[in-house]
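Following: one structure in structure tokens, then a few remarks.
The values are calculated or read from the model by the stated rules, or taken from the named source; none is laboratory data. Values in this document were obtained by computation on a predicted structure and should not be read as measured data. Here Cβ is always computed from backbone atoms with ideal geometry, including for glycine, and neighbour counts include all displayed protein chains. Heavy atoms of the whole protein, side chains included, go into the accessibility calculation; ligands, DNA and RNA do not. Shrake-Rupley method; radii C 1.70, N 1.55, O 1.52, S 1.80 Å.
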Amino acid sequence: MSHRKFERPRHGSLGFLPRKRTRHHHGKIKSFPKDDESKPPHLTAFMTYKAGMTHIVRDVDKPGSKLHKKEVVEPVTILETPPMVVVGFVGYVETPRGLRALTSVWAGHLSDECKRRFYKSWHSSKKKAFTKYQKRWSEASKDGKENPMAAEVERAKKYCQVIRAICHTQVGKVKIGQKKAHIKEIQVNGGTTEKKVDFIMGLFEQEVKIADVFSQDEMVDTIGATKGKGIAGVVTRWGVTRLTRKTHRGLRKVACIGSWHPARVSFQVPRSGQRGYHHRTEINKKIYRIGKSLKEDPNNACTENDLTEKAITPMGGFSHYGTVNEDYVMLKGTVAGPRKRIIT
């Protein structure tokens, strides 16, 4: 860059390399919130399904701003949140090399939605997953023991520092044409390790609603895979400048892809390839509203000064999604990914 007349920053961020299709289609939680023992035990994440977007009108209360006491229209994303089911927990020990899974305990009864996740083709399988495990539970309940996994539970209480609940979504309640539940480990924060284990054991086979995890006006992070766009050239993918009009062999190109020596193309050079379907975590989305399901509250989108009684689903349903029948969360702004995609 010796004879460049003026400085010019590079095109496209290197922070998101490699730009390839993600392996974690359902999002991977890379870090959970810091643990605070003084609080009661609580779950720290929730799995949702993106339904679509709409907008809200609200009054701004920001003294000193030009918009103070005026109305603004803001875009919001609706995520459908059917209650999750807790089906087990994993205990981790902190080692110098990071966390190591010490023990895991599963509940006595798993739903078919959850078991489908352990099979490639459910209809042709023998459906034997967890049958021996269930036998141990049923035998223990006959003998009058309260818990057949007592030894594992005690080990977890004694040695583990980090406890994560194994939860699965009730994917049948969301009409996205899928029967396999999504399963995720979700960390439990607050209280001592014993309290955490007891907290999860109390939730085994129970439903956890979104309102039990998050509250209104809280700031949350969203994790998911972005919308896939297929293969794109360098101008679209990296935002490099097009070449001049008369260029030989096309102009949507990078003119020089590097010096003669080193005789390789370095990774910083923009090339064409996959665009979209990347794993992204977006931070600080405000929860504007946590809505109840249609059964509990048929007019679950009304505010105090609404004239019409309405549910959250627009007329004719959310496009390419349908109606939102379960609980939902309204987040300010946008969320990565297309409709029906799972967002954590």
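Structure summary
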item	result
Subset of the stretch 76-97 (residues that are open to solvent by less than 30 Å² (accessible area, probe 1.4 Å), out of contact with any Cys (no Cβ under 9 Å at 6 or more places or on another chain) and more than 24 Å from Q206 (Cα to Cα))	V76, T77, I78
Any helices (runs of 4 or more DSSP H) falling wholly within the stretch 168-268 and containing at least 1 residues that are open to solvent by 50 Å² or more (accessible area, probe 1.4 Å) and farther than 28 Å from A336 by Cβ	193-203
Pairs where the first residue, in the stretch 158-184, is within 17 Å of I29 (Cβ to Cβ) and β-branched (V, I, T) and the second is in a loop (DSSP other than H, G, I, E, B) and open to solvent by less than 40 Å² (accessible area, probe 1.4 Å), C-beta under 7 Å, 6+ apart	T169/M47; T169/P82; T169/A181; T169/H182
Residue identified as surrounded by fewer than 19 Cβ atoms within 10 Å (Cβ to Cβ) and outside any loop (DSSP other than H, G, I, E, B) among R155, R164	R155
Residue within the stretch 325-336 that is modelled with pLDDT of 85 or more, open to solvent by 70 Å² or more (accessible area, probe 1.4 Å) and over 23 Å from L17 (Cα atoms) present	yes
The listed residue being out of contact with any His (no Cβ under 7 Å at 6 or more places or on another chain), small (G, A, S) and more than 23 Å from K227 (Cβ to Cβ), out of G88, G15	G88
Single unsatisfied condition, R271 versus (1) in a strand (DSSP E or B); (2) closer than 28 Å to R23 by Cα; (3) basic (K, R)	(1)
Selection count, the stretch 86-111, where residues are among the aliphatic types (A, V, I, L, M), over 17 Å from Q161 (Cα atoms) and out of contact with any Asp or Glu (no Cβ under 6 Å at 6 or more places or on another chain)	3
Selection count where residues are closer than 30 Å to P75 by Cα and touching a Phe, Trp or Tyr at 6+ places or on another chain (Cβ under 8 Å), scope the stretch 15-41	3
The lone exception for G98 - which of (1) in contact with a helix residue (DSSP H, G or I) (Cβ under 9 Å, 6 or more places away or on another chain); (2) closer than 25 Å to T192 by Cα it fails	(1)
Any hit, the stretch 134-150, residues being in contact with a Leu (Cβ under 9 Å, 6 or more places away or on another chain), of a type in the set (D, E) and more than 21 Å from D35 (Cα to Cα)	no
Some residue of the stretch 301-311 being in a loop (DSSP other than H, G, I, E, B), surrounded by 17 or more Cβ atoms within 10 Å (Cβ to Cβ) and without any contact (Cβ under 8 Å) to a residue 60 or more places away in the chain	yes
Check on G250, at pLDDT below 90 and small (G, A, S)	yes
Candidates V208, V265, V240 - the one that is of a type in the set (V, I, T) and closer than 27 Å to H24 by Cα	V208
Test: S121 is open to solvent by less than 40 Å² (accessible area, probe 1.4 Å), free of Cβ contacts under 8 Å to residues at least 12 places away in the same chain, farther than 28 Å from C160 by Cα and not in a strand (DSSP E or B)	no
Leading residue by the ranking (surrounded by the fewest Cβ atoms within 10 Å (Cβ to Cβ)) among those in the stretch 38-75 that are outside any strand (DSSP E or B) and in contact with a helix residue (DSSP H, G or I) (Cβ under 9 Å, 6 or more places away or on another chain)	P40
Among (1) in contact with a strand residue (DSSP E or B) (Cβ under 9 Å, 6 or more places away or on another chain); (2) of a type in the set (K, R); (3) touching a residue at least 12 places away in the same chain (Cβ under 8 Å); (4) in a loop (DSSP other than H, G, I, E, B), the one test that R10 misses	(1)
Pick from the stretch 280-291, criterion open to solvent by 30 Å² or more (accessible area, probe 1.4 Å) and touching a residue at least 60 places away in the same chain (Cβ under 8 Å), ranking: farthest from S215 (Cα to Cα)	T281
Some residue of the stretch 131-144 being under 28 Å from the mean Cα position of the chain (by Cα) and outside any helix (DSSP H, G or I)	no
